Amino acid sequence: MGVQPGPGGLTAPQMLDAGNGLKGLYILGGRADLAETFGREKVREAFSQMDLVVLQVSNLTEACRYAHVLLPGATFAEIEGTFTNYASRVQRLNRAFDPRGESLPDWTILKKVATAMGQAWSYEHAEDVMMDIAATIPQYSRVTYPRIGDLGVRLTVNESQESGVGEKVW
């Protein structure tokens, strides 16, 4: 909701405006309830005008009532993986307990969707996703699970520095 779209893209409020031409939305995660943020009636109306609205979330929200498909994502305490915070620090997530019910880590759900759409994603573990990110995005090129360790690493954001990992975050 704070991310700026690229050229020709729409902001979150614009995606919910009538007449924007969108036929569907796939919304992954998010802590805030769209209906609470933008208004229940606006979300209900926007979703009702679309052919398909998929919500991949870990918690039921008001907006879930209006989606066509709900995919149960695991919570942060149920997954292994990494996240990058606002200070450009990459940190590990260590699972505290197994996902409940039918919930799965987001990357696993996305892999299943990709497979259903004919794509052959080879990820078997969250670390595989991190390795793909490191191979694709220059700022992550030196990020590995061993380097992240228990304390995290800060990405290099100054182009005059070597691409990849900056100082160790203690």
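The values are calculated or read from the model by the stated rules, or taken from the named source; none is laboratory data. Just so you know, these numbers come straight off a predicted model, no measurement behind them. When we count neighbours, we look across all protein chains shown, and the Cβ atoms used for this are built from the backbone with ideal geometry, even at glycine. Ligands, DNA and RNA are stripped out before the accessible areas are found, and what is left, the full protein with its side chains, is counted by its heavy atoms. Shrake-Rupley method; radii C 1.70, N 1.55, O 1.52, S 1.80 Å.
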Practice prompt. Mind listing whichever residues of segment 128-159 are over 15 Å from residue 92 (Cβ atoms), in a loop (DSSP other than H, G, I, E, B) and open to solvent by 20 Å² or more (accessible area, probe 1.4 Å)?
Written response: 137, 141, 142, 157, 158, 159
Response to the item:
So, first residue free of Cβ contacts under 8 Å to residues at least 60 places away in the same chain and within 11 Å of residue 58 (Cα to Cα) in segment 101-115, second residue in a helix (DSSP H, G or I) and open to solvent by 80 Å² or more (accessible area, probe 1.4 Å), Cβ within less than 8 Å, six or more apart or across chains; the pairs are 104/112
Discussion item. Looking only at helices (runs of 4 or more DSSP H) that lie completely in segment 1-63, which have at least 2 residues being of a type in the set (Lys, Arg), over 30 Å from residue 78 (Cα atoms) and open to solvent by less than 50 Å² (accessible area, probe 1.4 Å)?
Written reply: none
Item to complete: Kindly establish whether residue 80 is charged (D, E, K, R), open to solvent by 50 Å² or more (accessible area, probe 1.4 Å) and over 17 Å from the mean Cα position of the chain (by Cα).
Response: no
Worksheet, complete the sentence: When segment 64-76 is checked residue by residue, the ones that are open to solvent by less than 20 Å² (accessible area, probe 1.4 Å) and part of a helix (DSSP H, G or I) are 64
Worksheet item: How many residues are open to solvent by 80 Å² or more (accessible area, probe 1.4 Å) and either aromatic (Phe, Trp, Tyr) or within 23 Å of residue 55 (Cβ to Cβ) (or both) if we restrict to segment 116-127?
Response: 4
Worksheet, complete the sentence: residue 83 passes all but one of the listed conditions (1) at pLDDT below 95; (2) in a loop (DSSP other than H, G, I, E, B); (3) of a type in the set (A, V, I, L, M, F, W, C); the exception is number (2)
Practice prompt. Could you pull out the residue among 19, 6 that is closer than 24 Å to residue 107 by Cβ and modelled with pLDDT under 85?
Written response: 6
Worksheet entry | From the options 48, 122, residue that is in contact (Cβ under 8 Å) with a residue 12 or more places away in the chain and in contact with a helix residue (DSSP H, G or I) (Cβ under 8 Å, 6 or more places away or on another chain) | 48
